[in-house]
Structure formats: structure tokens, C-alpha cells
Amino acid sequence: MDHAEVEVAGSAVPDAADDIGPIRRDLPPPAIAPAISPGWWARFLDGDFWHSFRSSPVAIGSAAVALICIFCAVFAGWVAPHNPTDLATLELGDSMLPPAWMAGGTAKYLLGTDEQGRDVLSALMYGAQISLFVGAASVLLSLLIGVTLGLVSGYAGGRLDALIMRVCDVMLSFPSILIALLIAGVGHALFPNAHDTLAFGVLIIAIALPGWVQYARAVRGSTMVERHKEYVQAARVIGVSPLRIMRKHVLPNVMGPVLVLSTIQVATAILAEATLSFLGVGVSPTSPSLGTFINEGQKQLFSGAWWLVIFPGSMLVMIALSINLFGDWLRDALNPRLR
């Protein structure tokens, strides 16, 4: 085949552009779908915090136990099978019954009854409600006092810092339980016939005052580091007031260790409330807590009523241990050096 035949044959082959026709130049470019950013819940599930929680059996178990105890305490009026505070429902004929699996026990009272005929299981739920309320309220009060004084001390420095730290040293020189006993004893002496609300307030103050020192020292150390950083210096240059700098800039950056410390301190406050109630300077007998139940149960311990001490003590240990274990995991999860 010569060159002419090749050209003829090549010209006979149709072009692909001829089949699809002329290209339209007036059409708009194809739209590109915008990238959809995931929501906060999706980011949380994909984050390191949730992954650390899922991979820690101790964190899952302690959180589950703590949530069950808190749920039963908060909703004791609906969850508890009986109301131990309603005197009209108490039957003295059912007093000192053993647990249901023992001889003489009944399924009506799963964990037995006390000397007044109150259901121990229901009493534990109502008692945990008071213990958790006092513990959480005292930690919140300690948090408010400690964070405020720590911020002022770390940011201001100078003589004010020295004064606040010397007060902290004096508070640390005395055992916290002795300070709580002193405050609670003085409160009961000044208001012997006080209402339950005032008694709760005195107890919360008695537990909170010794506990603010740890928050103040932790926040002071973090604030002294943050006040020398560039963003604080820039805020000073543009004329932002010191109060606004502490509240808007420094405080959010020092709250990480404080949240971990407050989680652990809740268990300590619950144990302190139980100790004060056991010693007789806690809540009134008309509003019994776990410490009051243990105090009443130890009087019947030698008569064979072991369930009046074992079950309240076990409930107190489960709450404190689960919160402490969860706080330990939270401390490790929020520490960037351990990631």
C-alpha cells in the first residue's frame, strides 16, 4: 500500500469529536459539593478521649458502678421498693429481719430490716442520696473558693500571693477531719434545734473549708505558668482588665487539673460526711445518711445483725472506690504526656 492509499484510509476513519458534536462553552462548570464537617458528637467518638475510655475496662466498670449508684440515689423515690422516711408505712413487727436468702427472711425485704422495721435496701438508696448531695455541694463550694483564691494568688503575686499561701499552709497544718469536727460541733452548739436545711449547710461548710486548699495550690501553680505566655501579654498590651484576663483567658486553661482533682475529691467528701455522721455531728437522725446507718448498725453488730453494717459499708465503699478509679483514669486520659 502506497502513501496515497494510507491517507485515503486514514481520512475514512471518523473522529470521536464529530460524534459528540461541538463542545458547549456556555455551560456552567460542574458544581462541587462542599465538604461537610462532622458534628461535635462524631468528633468526640473519633477522639482520643473516647478511645481511651473504650479501651480501659477499669474506666468502663467504675463509670457503670458510679452511674448505677447515682441513679438509684437521685431517683430513690421511684426506684426504692419502700419509703423508709414515711413512718406510716413502717411495721415494728418486721423489725430485725435478716436478708431474704437467710432463714427468717422474706422477699419483701431483700436486704433485711433494721430495729425500726425499715427496709435496708430502700434506706441505702435514700442514705446515698444525702451523702452524694452533701459531697457534691461541698466539692462545688471548695472549688469556688479554691479556684478564685488560686487565680488571684497566681496572677497578682507579691504580698497577696504570700498571704494566701500562708493561709493555705496553716490550713494544711491541721487534719481536715478535726477542722470539720470543730465547725460542725460549733454549728450544732449555736443552732441546737436548727432545721435540716441549716444542718446541711453547716455540714457542707465543715467539709468544704478544709478542701479548698488543694484547689488553690493547683490553680496558683498553673496560673503562674499561664500569666507569662504570649496571649496574656498581648491582652495586657491592648488594655484588657486583669479581671477579664483571669476570667476569659487564664481560667479556661487551668481547669483541666482542677476537674480531675474535683472528681477525686467527691469521694473524699462523701467519706468525710459519713465519718461526721458516724461520730454524731453530721446530718440529723431524721435525715439519715450512710454514716448514720453504719453508726446505728454497729450497735446491733454483736447481736448478730451484721447486715446493718455490712451493706451500708459496702455501699459507701462502692461509691468511693468507683469515683476514685474513674478519677484516676480521667487524670491519665487528660494528661498529654501519657497519650
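If you take all other residues with their beta carbon under 13 Å from the beta carbon of SER241, and give Lys and Arg +1 and Asp and Glu -1, the sum is +4. If R0 is taken as 45 Å, the Cβ-Cβ distance between SER241 and ARG43 corresponds to a FRET efficiency of 0.85. Semi-axis lengths, largest first, of the ellipsoid equivalent to segment 80-143 are 29, 12, 8 Å, with √(5λ) applied to each eigenvalue of the Cα gyration tensor.
Extending 7 Å from Cα along the Cβ direction at TRP306 and again at THR148 yields two label points whose distance is 5.0 nm. Phi angles of segment 246-259 translate, via the Karplus equation with coefficients 6.51, -1.76, 1.60 and θ = phi - 60°, into HN-Hα couplings of 5, 7, 9, 10, 7, 4, x, 8, 10, 7, x, x, 5, 5 Hz per residue; Gly and Pro are given as x. Accessible surface of ARG54, taken over heavy atoms with a 1.4 Å probe and every protein chain present, rounds to 130 Å². Multiplying the residue separation of VAL74 and GLU230 by 0.36 nm and subtracting their alpha-carbon distance yields 51.6 nm.
Test of understanding: express the Cα radius of gyration of segment 76-219 as a ratio to 2.2 N^0.38 Å, with N the residue count.
1.49
SER241 exposes around 60 Å² of accessible area when a 1.4 Å probe is run over every protein chain in place.
Find the accessible area per residue for segment 208-339; the probe is 1.4 Å, ligands and nucleic acids are left out, and the unit is Å².
50
Distance between the 7 Å Cα→Cβ label points at HIS51 and VAL170: 5.0 nm. Our summary gives segment 194-339 a relative contact order of 23 percent, counting only alpha carbon pairs under 8 angstrom and 6 or more residues apart.
Relative contact order of segment 249-335: 33 percent, from C-alpha pairs under 8 Å at least 6 residues apart in sequence.
Taking the accessible area of segment 151-252, probe 1.4 Å, and keeping the other protein chains in place, the carbon and sulfur fraction comes to 67%.
Its residues counted as N, segment 204-247 yields a C-alpha radius of gyration over 2.2 N^0.38 Å of 1.55. Globularity index of segment 197-318 is 1.58 (Cα radius of gyration / 2.2 N^0.38 Å, N = number of residues).
Where Lys and Arg each count +1 and Asp and Glu each count -1, what net charge lies around LEU151 among other residues with Cβ under 9 Å from its Cβ? In short, +2.
The values are calculated or read from the model by the stated rules, or taken from the named source; none is laboratory data. This is a predicted model, so every value here is computed, not measured. When we count neighbours, we look across all protein chains shown, and the Cβ atoms used for this are built from the backbone with ideal geometry, even at glycine. Note: accessible area is taken over every heavy atom of the protein model, side chains too, but ligands, DNA and RNA are not part of it. Shrake-Rupley method; radii C 1.70, N 1.55, O 1.52, S 1.80 Å.
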